[in-house]
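Worksheet: the structure to be examined is printed underneath.
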Amino acid sequence: PMKASITRSPTTGKRRKIAILTSGGDAPGMNAAVRGVVRAAIMRGCDAYAVHEGYQGLVDGGDMIRKMGWDDVQGYLSTGGTIIGTARCKAFRERPGRLLAARNLVKEGIDALVVCGGDGSLTGADLFRSEWPSLLEELVKTKELTSEEAERFTHLNIVGLVGSIDNDMSSTDITIGAVTCLHRICESIDSISSTASSHSRAFVVEVMGRHCGWLALMAGIATGADFIFIPERPPSGENWRDNMCAEIKAHRDLGKRKTIVIVCEGAIDSNLNPITSKDMMDLLTDRLDLDTRMTILGHVQRGGKPCVYDRNLATMQGVEAVEAVLASRPGIPSPMIGMNENKITRTDLMKAVALTGEVAKAIGRKDFIGAMELRDPAFNQQYDQFMAISTAASVDESAEAAKNSLRIGIINVGAPAGGMNAAVRAAVRYARNRGHTPFGIHNGFPGLMAGQIKELKWMDVDGWIAHGGSELGTNRDQPSLDLGMVSYQLQKFNIQSLILIGGFEAYTACLEMSRARDVYPAFCMPMVHIPATISNNVPGTEFSLGCDTSLNAIMDACDAIKQSATASRKRVFVVEVHGGKSGYLAVMSGLAVGATSVYIPEEGINLSRLQKDVRHLCQRYGEDAEGKSQGRVIIRSECASKTYTTDIVSAIIKEEGHQQFDSRTAILGHIQQGYSPSPLDRVRATRFAVCAIDFLESHIESYTTNGPTVYTKDPSSIAVAGIQGSNVSFTSVEALLKDTDMKNRKPIQTWWMDYKRTGNMLARRSDLL
Ligand code: ATP
């Protein structure tokens, strides 16, 4: 690969040196951030340094500040915690400590520091930067530095990366480590749920989060918990305990065998008194006589290998941090790298830190509305949605609401995808609480044609949130198989609105029914398509249900494959993944596992590309005389090329590798559907479903004594629900046609190509950039 030209420091005129440190509590994904910074720095012609043990390493200097080479960060992606170490450092809080730190940086010739940590660490970083001139002045006075040395380092660049498991930083929608932490919590609560059900027990589970209820809220949604307690939103009313007990009893009366209460460690009541897990356990035991146990998850939550989301978030942000260093000028405030609306952003670090502090202050003033407003808008919406579906409405309430009851059909279309059941569950529960009558349509359109339609009650969907596959049964067949019969059955059951949960087939099914409205009045009703396909190829949305679950399944498989290759060292695995004509799975999993090359249908495969890959492999294995390097993975999307199949690609690599390296294939197949849906898919499913019911309701035309009427031919009444940035949007299936490549069954525009470029860069593929 071509060598990047040297980047010189604007102050020293020498080759630029960028250091990274991790500080505060460890968070999964910090290693991916370190890898991203180190490799991006090298690619941009700079030298990369790692400061070990957080600020302590800066204060101690010497061996704690080490130059990092390209291969020093091998294996970082899949490792939890932070390999370069972290510490809480008292000395750095005081000026004498920071003087030592400044001296050490100047001696090493480093004038740019990327800090990955929580708000404390980032506050320290900014303070360090603002004090820099005075620190140098003092060091010159005390003769620790010469004035020439000080003059060469007039300015320190600081860039913040937010590594924090509880997602408590303002100005970013998500922090590095939070999603992995949510994985650990959900795995734990899923395990607890099965034993709770077996013994008909109640469990109070305590999760991390001192001032931030993000983990508790997301875990509550993702595990279908009965109650959550978070700092930003104390339970309302003085008699909340009575209400809670009454609701738990009502659920038990409905036949529920388990009760899960999630308590955030910083949970409080409206008088700011702590709500502890022990209190909740005693309450359920004493008042309801429930066999109640308490589990404090503790440090399990921090650990383990990072999930795909965190690996890719940290990688993209690490690369962006290096760009921010290179763009930084003395007058510009220190940037913090964030994630807003699914885009990597640079924000003002100190403003973000100040805003973060405002949440705790608002809570302290009992301004809970203010505290919630300081969180991102999705947080508020998701809290309301959790409240709207966690408890079954009482019989009185639902009878009142039933006057407006819509009859809603729910159908799965296409291949199963993680989160389909979670979406059905949320739709059923929310619909029932709103007074509607949900019907499950079994086995897709053939099932509908056969009249396999059954009302779904609250308890029918209990436990579905954690189930993979499709409980309703799903099928790829389209309504055009027999439009007349589809229409007949919808009319027979008086279905007044439809929710279709599925992939591209669900989209085309909607189009077919939309176009048949003139002939079949039964289709003149509102319909929502909730995208659910591992391929993430539905137009109108950035994410479909199932793709996150699938990516994690692919990542697990690739980690295992890479490990097996470590034993034999020089082996290249060609891993074939699903995705149809969409390279999403290949690109995102490739970035998460550090693939050497990723073949996608959007680009195809040709001889010259294969030649480049072989040349690259020869060079990389050639450099590795001691045979230290691991196995390598190439990801090939199933439809990347008709000619260059997985077997052929592997055979070519094997042939060209001669004695130097070997190749094997791994076709992942249906493993990619994953087992239990990932937390993100469960959370997205719930959000989609609740918004979908609201959408259907908004199309009620009028209310009669027999209930609502919904006759409509408005094209906008058949829509795809989409996650666009942090919002859920609805775009009519007809309007989406212009954005859709019907032949290849995918959106024309994709938002993830930057991830591909970054993947190439971090695999040292300047030959592909
Ligand atoms: P977590 O989210 O895990 O709490 P954090 O980064 O907020 O992460 P802290 O313990 O607050 O964790 O900070 C980590 C380190 O950052 C401290 O040990 C200290 O060295 C440094 N630090 C924090 N606040 C300051 C400050 N105001 N001034 C100087 N250094 C600070």
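Consider the stretch 44-66. How many of its residues are part of a helix (DSSP H, G or I) and crowded, with 20+ Cβ neighbours inside 10 Å? Walk me through how you get there before you give the answer.
Of the residues in the stretch 44-66, the ones part of a helix (DSSP H, G or I) are 54-60, 62-64.
Still in the running and crowded, with 20+ Cβ neighbours inside 10 Å: 54-59.
Of the residues in the stretch 44-66, 6 are part of a helix (DSSP H, G or I) and crowded, with 20+ Cβ neighbours inside 10 Å.
Take the conditions closer than 20 Å to Ile189 by Cβ and under 34 Å from the mean Cα position of the chain (by Cα) and apply them to Gly444. Does it pass? Outline the logic, then answer.
Values: closer than 20 Å to Ile189 by Cβ: no; under 34 Å from the mean Cα position of the chain (by Cα): yes.
Taking the combined requirement at face value, the residue does not satisfy it.
Name the pairs: first residue in the stretch 587-608 and of a type in the set (S, T, N, Q), second residue assigned to a helix (DSSP H, G or I), Cβ to Cβ under 6 Å, at least 6 apart or on different chains?
Note: pairs meeting the criteria are Ser589/Leu551; Ser589/Ile554; Ser589/Met555; Ser597/Asp613.
Give the residues of the stretch 119-147 that are within 29 Å of Ala354 (Cα to Cα) and more than 16 Å from the ligand (Cβ to nearest atom), sorted by residue number.
Our first condition is that a residue be within 29 Å of Ala354 (Cα to Cα); within the stretch 119-147, this holds for 119-138.
Once the filter is applied, which keeps residues that are within 29 Å of Ala354 (Cα to Cα) and more than 16 Å from the ligand (Cβ to nearest atom), the stretch 119-147 yields Pro133, Leu136, Glu137, Glu138.
Using the structure shown, decide if Val598 is closer than 25 Å to Asp72 by Cβ and among the β-branched types (Val, Ile, Thr).
On the way: closer than 25 Å to Asp72 by Cβ: yes; among the β-branched types (Val, Ile, Thr): yes.
Yes: the conditions hold for Val598.
Can you tell me which residue within the stretch 52-84, out of those that are within 16 Å of the ligand (Cβ to nearest atom) and in contact (Cβ under 8 Å) with a residue 60 or more places away in the chain, is farthest from Gly298 (Cα to Cα)?
Filtering the stretch 52-84 for residues that are within 16 Å of the ligand (Cβ to nearest atom) and in contact (Cβ under 8 Å) with a residue 60 or more places away in the chain, the one farthest from Gly298 (Cα to Cα) comes out as Tyr55.
What's the number of the condition Leu77 fails, among (1) part of a strand (DSSP E or B); (2) farther than 22 Å from Thr356 by Cα?
That leaves (1) as the condition not met.
Of the residues Ile554, Ile530, Ile534, which is of a type in the set (Val, Ile, Thr) and part of a helix (DSSP H, G or I)? First the steps, then the outcome.
On the way: Ile530 fails: part of a helix (DSSP H, G or I); Ile534 fails: part of a helix (DSSP H, G or I).
Of Ile554, Ile530, Ile534, the one residue that is of a type in the set (Val, Ile, Thr) and part of a helix (DSSP H, G or I) is Ile554.
Could you check how many residues of the stretch 148-187 are assigned to a helix (DSSP H, G or I), closer than 30 Å to Asp556 by Cβ, more than 15 Å from the ligand (Cβ to nearest atom) and in contact (Cβ under 8 Å) with a residue 12 or more places away in the chain?
Of the residues in the stretch 148-187, the ones assigned to a helix (DSSP H, G or I) are 148-152, 178-187.
Filter again for closer than 30 Å to Asp556 by Cβ, leaving 178-187.
Among the residues that remain, those that are also more than 15 Å from the ligand (Cβ to nearest atom) are: 179, 182-187.
So of that shortlist, the ones also in contact (Cβ under 8 Å) with a residue 12 or more places away in the chain come out as 179, 182-186.
Total satisfying the criteria: 6.
Filter the stretch 512-557 down to the residues that are more than 19 Å from Leu313 (Cα to Cα), in contact with a Ser or Thr (Cβ under 7 Å, 6 or more places away or on another chain) and among the charged types (D, E, K, R) and list them by number.
The one that is more than 19 Å from Leu313 (Cα to Cα), in contact with a Ser or Thr (Cβ under 7 Å, 6 or more places away or on another chain) and among the charged types (D, E, K, R): Glu512.
Residue under question is Gly36, and the condition is that it be more than 15 Å from the ligand (Cβ to nearest atom), more than 19 Å from Leu105 (Cα to Cα) and crowded, with 24+ Cβ neighbours inside 10 Å; does it hold? Full working, then the answer.
Details: more than 15 Å from the ligand (Cβ to nearest atom): yes; more than 19 Å from Leu105 (Cα to Cα): yes; crowded, with 24+ Cβ neighbours inside 10 Å: yes.
Yes; evaluated as a whole, the condition is true for this residue.
Kindly provide the set of residues from the stretch 119-128 that are buried (at least 24 other Cβ atoms within 10 Å of the Cβ) and hydrophobic (A, V, I, L, M, F, W, C), ordered by number.
Leu122, Ala125
Is at least one residue of the stretch 78-90 closer than 19 Å to Gly163 by Cβ and charged (D, E, K, R)?
Taking the stretch 78-90 and keeping what is closer than 19 Å to Gly163 by Cβ, we get 78-89.
This time we only want the ones that are charged (D, E, K, R), so: 88.
The answer is yes, given that some residue of the stretch 78-90 is closer than 19 Å to Gly163 by Cβ and charged (D, E, K, R).
Step by step: first the residues of the stretch 97-118, then only those that are free of Cβ contacts under 8 Å to residues at least 60 places away in the same chain and away from the ligand (no atom under 12 Å from the Cβ), then the one that is surrounded by the most Cβ atoms within 10 Å (Cβ to Cβ). Which residue is that? Please lay out each step first, then the result.
Step one: of the stretch 97-118, the residues free of Cβ contacts under 8 Å to residues at least 60 places away in the same chain are 97-104, 106-107.
Checking the rest, the ones that are also away from the ligand (no atom under 12 Å from the Cβ) come to 99-100, 102-104, 106-107.
Working: Leu99: 19, Leu100: 19, Ala102: 25, Arg103: 21, Asn104: 19, Val106: 23, Lys107: 14.
This residue is Ala102.
Only residues that are part of a loop (DSSP other than H, G, I, E, B) and within 25 Å of the chain's Cα centre (by Cα): list them for the stretch 331-364, please. Explain how you work it out, then say what you get.
We begin by selecting, within the stretch 331-364, every residue part of a loop (DSSP other than H, G, I, E, B); these are 331-334, 341-342.
Listed by number, the residues that qualify are Glu341, Asn342.
Within the stretch 270-291, restricting attention to residues that are closer than 19 Å to Gly213 by Cβ and hydroxyl-bearing (Ser, Thr, Tyr), which residue is surrounded by the most Cβ atoms within 10 Å (Cβ to Cβ)?
Once the filter is applied, the top-ranked residue is Ser277.
Need at least 1 residues that are modelled with pLDDT of 95 or more and surrounded by 14 or more Cβ atoms within 10 Å (Cβ to Cβ) per element, so show me which strands (runs of 3 or more DSSP E) inside the stretch 662-769 make the cut, counting only ones lying wholly within it.
662-667, 718-724, 727-732
Quick check on my filter: what residues within the stretch 124-138 are modelled with pLDDT under 95 and touching a helix residue (DSSP H, G or I) at 6+ places or on another chain (Cβ under 6 Å)?
Asp126
Being buried (at least 19 other Cβ atoms within 10 Å of the Cβ), within 24 Å of Glu358 (Cβ to Cβ), in contact (Cβ under 8 Å) with a residue 60 or more places away in the chain and among the hydrophobic types (A, V, I, L, M, F, W, C) is the requirement here; does Ile221 meet it?
On the way: buried (at least 19 other Cβ atoms within 10 Å of the Cβ): yes; within 24 Å of Glu358 (Cβ to Cβ): no; in contact (Cβ under 8 Å) with a residue 60 or more places away in the chain: yes; among the hydrophobic types (A, V, I, L, M, F, W, C): yes.
Answer is no for this residue.
Among (1) at pLDDT 95 or above; (2) not in a loop (DSSP other than H, G, I, E, B), there is one condition Met459 misses while meeting the rest; what is its number?
(1)
List, please: which pairs have Cβ atoms under 6 Å, are six or more places apart or on different chains, and start with a residue in the stretch 119-147 that is under 20 Å from Gly160 (Cβ atoms) and assigned to a helix (DSSP H, G or I) and end with one that is of a type in the set (Val, Ile, Thr) and more than 11 Å from the ligand (Cβ to nearest atom)?
Ala125/Ile158; Arg129/Ile158
Is it the case that Ile20 is in a loop (DSSP other than H, G, I, E, B), over 25 Å from His616 (Cα atoms) and within 16 Å of the ligand (Cβ to nearest atom)?
For Ile20, the condition - in a loop (DSSP other than H, G, I, E, B), over 25 Å from His616 (Cα atoms) and within 16 Å of the ligand (Cβ to nearest atom) - is not met.
Are any of the residues in the stretch 188-203 of a type in the set (D, E, K, R), under 19 Å from Thr259 (Cβ atoms) and either more than 16 Å from the ligand (Cβ to nearest atom) or outside any loop (DSSP other than H, G, I, E, B) (or both)?
First pass over the stretch 188-203, keeping only residues of a type in the set (D, E, K, R): 190, 201.
With the extra rule that they be under 19 Å from Thr259 (Cβ atoms), the set shrinks to 190, 201.
Checking which are either more than 16 Å from the ligand (Cβ to nearest atom) or outside any loop (DSSP other than H, G, I, E, B) (or both) leaves us with 190, 201.
So far as the stretch 188-203 goes, yes, one or more of its residues are of a type in the set (D, E, K, R), under 19 Å from Thr259 (Cβ atoms) and either more than 16 Å from the ligand (Cβ to nearest atom) or outside any loop (DSSP other than H, G, I, E, B) (or both).
Return only the number of the condition from (1) buried (at least 18 other Cβ atoms within 10 Å of the Cβ); (2) within 16 Å of the ligand (Cβ to nearest atom); (3) touching a residue at least 60 places away in the same chain (Cβ under 8 Å) that Ala41 does not satisfy.
(2)
Could you check the stretch 187-205 and list, in sequence order, the residues that are closer than 26 Å to Leu313 by Cβ and buried (at least 23 other Cβ atoms within 10 Å of the Cβ)?
Ile189, Val205
Do we have Lys361 as out of contact with any Lys or Arg (no Cβ under 8 Å at 6 or more places or on another chain) and surrounded by fewer than 21 Cβ atoms within 10 Å (Cβ to Cβ) here?
On the way: out of contact with any Lys or Arg (no Cβ under 8 Å at 6 or more places or on another chain): yes; surrounded by fewer than 21 Cβ atoms within 10 Å (Cβ to Cβ): yes.
Yes.
The values are calculated or read from the model by the stated rules, or taken from the named source; none is laboratory data. Bear in mind the structure is a predicted one, so any value in this text is a computation, not a measurement. Positions of Cβ are backbone-derived with ideal geometry, glycine not excepted, and every protein chain shown enters the neighbour counts.
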